[in-house]
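Trainee: Structure in structure tokens, see below.
The values are calculated or read from the model by the stated rules, or taken from the named source; none is laboratory data. Here the structure is a predicted model, which means the values were calculated and not measured. Note that we place each Cβ from the backbone using ideal geometry, even for glycine, and neighbour counts take in every protein chain shown.
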Amino acid sequence: MSRAVCPGSFDPVTNGHLDVISRVSAQFDEVVVTVTINPNKQGMFTVPERIEMLSEATAHLPNVSIDSWQGLLVDYAKANGISAIVKGLRGANDFDYELQMAQMNHKLTGVDTLFVATNPTYSYLSSSLVKEVAIYGGDVADMLPATVHKRLLTRIAERAADRK
């Protein structure tokens with residue numbers, strides 16, 4: 001049984017993320033989408049909220065499950081019998097950063113990293129950029145699953161009300 005892990009912060013999950021997850025799910029028997037936890041960063045959504053949004057957005061993919069992890073991703077992969085880390089790449093900057101990480105991960109544990117080129121339709125998308133545009137009133141509806149878009153607008157409104 002082939003298993004892969006697709007890591008990310010997913011704060012929030014975008015249509016670009018979902019495109020990569022969907023394509024990876026067609027190549028592996030099981031895909032674990034893992035919300036990686038960075039204790040030094042405060043996201044817009046909590047980890048449980050991100051897991052819930054990912055679960056809703058990937059419900060149509062029966063071989064995809066959602067989890068979270070804090071620590072070295074290769075430790076997660078080894079502990080769960082996963083032989084491949086799969087990452088989507090938007091461009092050369094992503095590749096430069098991810099290649100170093102992939103080489104380090106392989107050196108540490110022998111786990112391989114596979115790269116999936118992002119569909120050009122989504123190559124400009126990042127969670128950070130989508131949040132920034134939405135905060136300033138830009139229309140990001142076609143960049144996110146509908147349920148995620150609704151939650152994003154609700155969270156932005158909550159934060160704006162808290163500042164008043």
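Trainee: Mind listing whichever residues of region 105-119 are modelled with pLDDT of 95 or more and in a helix (DSSP H, G or I)?
Mentor: none
Trainee: Name every residue in region 125-154 that is touching a residue at least 60 places away in the same chain (Cβ under 8 Å) and either closer than 14 Å to Glu52 by Cα or not polar (S, T, N, Q) (or both), in order of residue number.
Mentor: The answer is Leu125, Val130, Lys131, Asp142, Met143, Leu144, Pro145, Thr147, Val148, Arg151, Leu152.
Trainee: Now for a separate question. If you go through region 129-145, how many residues are surrounded by 11 or more Cβ atoms within 10 Å (Cβ to Cβ) and out of contact with any Ser or Thr (no Cβ under 7 Å at 6 or more places or on another chain)?
Mentor: Residues in region 129-145 being surrounded by 11 or more Cβ atoms within 10 Å (Cβ to Cβ) and out of contact with any Ser or Thr (no Cβ under 7 Å at 6 or more places or on another chain): 10 in total.
Trainee: Also, I was wondering about something else. Take region 6-64 and flag every residue that is β-branched (Val, Ile, Thr), touching a residue at least 12 places away in the same chain (Cβ under 8 Å) and outside any strand (DSSP E or B). Explain how you work it out, then say what you get.
Mentor: Start the filter on region 6-64 by keeping residues that are β-branched (Val, Ile, Thr), which leaves 13-14, 20-21, 24, 31-37, 46-47, 51, 58, 64.
Still in the running and touching a residue at least 12 places away in the same chain (Cβ under 8 Å): 13-14, 20-21, 24, 31-37, 47, 51, 58, 64.
The answer is Val13, Thr14, Val20, Ile21, Val24, Ile37, Val47, Ile51, Thr58.
Trainee: Follow-up question, since we're still on this one. Under 14 Å from Phe28 (Cβ atoms), under 15 Å from the mean Cα position of the chain (by Cα) and surrounded by fewer than 17 Cβ atoms within 10 Å (Cβ to Cβ) - does that describe any residue in region 60-72? Before the answer, list the steps.
Mentor: Residues of region 60-72 under 14 Å from Phe28 (Cβ atoms): 61-65.
Cutting the leftovers down to under 15 Å from the mean Cα position of the chain (by Cα) gives us 64-65.
Still in the running and surrounded by fewer than 17 Cβ atoms within 10 Å (Cβ to Cβ): 65.
Checking region 60-72: at least one residue is under 14 Å from Phe28 (Cβ atoms), under 15 Å from the mean Cα position of the chain (by Cα) and surrounded by fewer than 17 Cβ atoms within 10 Å (Cβ to Cβ).
Trainee: Going through region 120-134 one residue at a time, which ones are touching a helix residue (DSSP H, G or I) at 6+ places or on another chain (Cβ under 6 Å) and at pLDDT 95 or above?
Mentor: Within region 120-134, Val130, Ala134 meet the criteria.
Trainee: I've got another one for you. Any residue that is of a type in the set (S, T, N, Q), modelled with pLDDT under 95, buried (at least 17 other Cβ atoms within 10 Å of the Cβ) and part of a helix (DSSP H, G or I) - is there at least one of those in region 81-99?
Mentor: Scanning region 81-99, I find no residue that is of a type in the set (S, T, N, Q), modelled with pLDDT under 95, buried (at least 17 other Cβ atoms within 10 Å of the Cβ) and part of a helix (DSSP H, G or I), so the answer is no.
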